[in-house]
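Report on the structure given below.
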Amino acid sequence: MGASPTDRNRDFIRKKAAELGFDACRFASAADPWSAGERLAHFVEAGRHGDMGWMETTLERRAHPTAMWDGARTAIVLGLNYGPDADPLPALANRSDGYISVYARGDDYHEVIKGRLKQLAGQISARQKALGQSPEVKVFVDTAPLMEKPLAQRAGLGWQGKHTNLLSREHGNWLFLGVILSAADYEPDATETEHCGSCTACLDACPTNAFPAPFQLDARRCLSYLTIEYAGPWPEEFRTATGSRIYGCDDCLGSCPWNKFARSANEMRLRARPELEAPGLAELAALDDAAFRALFTKSPVKRIGRDRFVRNVLYAIGNSGDAALIPAATGLLDDPAPVVRGAAVWAARRLSSGEAFTALREARSGSESDQDVAAEWLA
């Protein structure tokens, strides 16, 4: 007895996904009940989302795939490996260079994945129509209120580890996700179970203790949140903890033992650009808006803007212990952005001797109009 039309269509989708460069393609029900929405509600109610107000305003739509599209029946979950060539964490020891998260060293994954998802979705829609099924499909890449990680676990791509990120026995921590929701019914794949066991490597590695318990994250303490989502000056404890991390943080990801099975990315656009693997902090601090945009063309880093990025760079300069970087900090004391000026004061104070900083402060006495920056001078 031959395969059913639906099974043949599943095979067709997997084949086309592989041809488009996806490393994983699996199916899950988009309509069955799940507990992910309740967990998210508790996360928001506890205030652990920080300043990410969009999580609260879209909470109802995020609660379940059918809350966003009531016609969704199946989630086709795609994975694209972005594994680095080597363990990235030893680079943190070089405090005069900035550390950019592995996922942001190449082209923006949203742009890399989106076009392929749309192409695949068009093929799926045509096949569904030919089989007499509803041709409706919708494409998602991280920017819409859809909870991809629980869907990926339900589809069997991996499981949400104790660090709350998706973890795969085949790809380790390095897997981008995309989802195609379909109005057609497909036989779901087996879900993945959790394989963390008693290991706490990811929790132990976190430099800011951002995990109140296994499988729970407080984003307000997470360096990825602080470097990317948070716009203002940081609390002192997180400035010192960030070390040389200037965009994102890979400590919980890079420390996982499952990475021993990971391989480096096949997609060239996701491989690290040489200039973003260990960029010098002095050169980054000197970026104006135009130079920032030029350096981070097609990069996800560009979305946080120059001022927030240079703030991060200045915190890293303050942690460097490198007195040669003092001019990079003091050169930004008159920057138009208060958040940059405040970070420049902090970095200069950290690197300068007490007498030198006192002299610098006295020379600039009364010149600062922003209260937050003035407070940095007096801290």
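Test Ala72 against the stated conditions and say whether it is of a type in the set (A, V, I, L, M), modelled with pLDDT of 90 or more and within 18 Å of Val137 (Cβ to Cβ).
Answer is yes for this residue.
Provide a single number: the residues in segment 204-229 that are farther than 21 Å from Val44 by Cα and surrounded by 17 or more Cβ atoms within 10 Å (Cβ to Cβ).
Of the residues in segment 204-229, 3 are farther than 21 Å from Val44 by Cα and surrounded by 17 or more Cβ atoms within 10 Å (Cβ to Cβ).
Residues of segment 319-339 being assigned to a helix (DSSP H, G or I), without any contact (Cβ under 8 Å) to a residue 40 or more places away in the chain and under 28 Å from the mean Cα position of the chain (by Cα), which ones?
Once the filter is applied, which keeps residues that are assigned to a helix (DSSP H, G or I), without any contact (Cβ under 8 Å) to a residue 40 or more places away in the chain and under 28 Å from the mean Cα position of the chain (by Cα), segment 319-339 yields only Pro338.
If I go through segment 121-144 residue by residue, how many of them are touching an Asp or Glu at 6+ places or on another chain (Cβ under 9 Å) and at negative phi?
Number of matching residues: 5.
Which residue is surrounded by the most Cβ atoms within 10 Å (Cβ to Cβ), if the candidates are limited to segment 18-48 and must be over 24 Å from Thr66 (Cα atoms) and of a type outside the set (D, E, K, R)?
Once the filter is applied, the top-ranked residue is Phe22.
Which of the residues spanning segment 63-97 are assigned to a helix (DSSP H, G or I) and either surrounded by fewer than 21 Cβ atoms within 10 Å (Cβ to Cβ) or not assigned by TED's automatic domain parsing to the domain that holds Ser168 (or both)?
Thr66, Ala67, Met68, Leu89, Pro90, Ala91, Leu92, Ala93
Which residue is nearest to Leu226 (Cα to Cα), if the candidates are limited to segment 345-379 and must be touching an Asp or Glu at 6+ places or on another chain (Cβ under 9 Å) and assigned to a helix (DSSP H, G or I)?
Restricting to residues being touching an Asp or Glu at 6+ places or on another chain (Cβ under 9 Å) and assigned to a helix (DSSP H, G or I), the top hit is Trp346.
Exactly one condition in (1) in a loop (DSSP other than H, G, I, E, B); (2) in the same structural domain as Gly37 (by TED's automatic domain parsing); (3) modelled with pLDDT of 95 or more is false for Gly178; which is it?
For Gly178, the exception is condition (1).
What is the residue count in segment 322-368 for residues that are at positive phi and in contact with a Ser or Thr (Cβ under 9 Å, 6 or more places away or on another chain)?
Within segment 322-368, residues that are at positive phi and in contact with a Ser or Thr (Cβ under 9 Å, 6 or more places away or on another chain) number 0.
I'd like to verify a number: residues in segment 98-139 that are touching a Phe, Trp or Tyr at 6+ places or on another chain (Cβ under 7 Å) and assigned to a loop (DSSP other than H, G, I, E, B), how many?
1
Looking at the structure I just gave you, is Gly342 surrounded by fewer than 22 Cβ atoms within 10 Å (Cβ to Cβ), at pLDDT 95 or above and either part of a helix (DSSP H, G or I) or out of contact with any helix residue (DSSP H, G or I) (no Cβ under 7 Å at 6 or more places or on another chain) (or both)?
no
The values are calculated or read from the model by the stated rules, or taken from the named source; none is laboratory data. A quick note: this is a predicted structure, and the numbers were derived from the prediction, not measured. All Cβ positions, glycine included, derive from the backbone under ideal geometry; neighbour counts span all protein chains shown.
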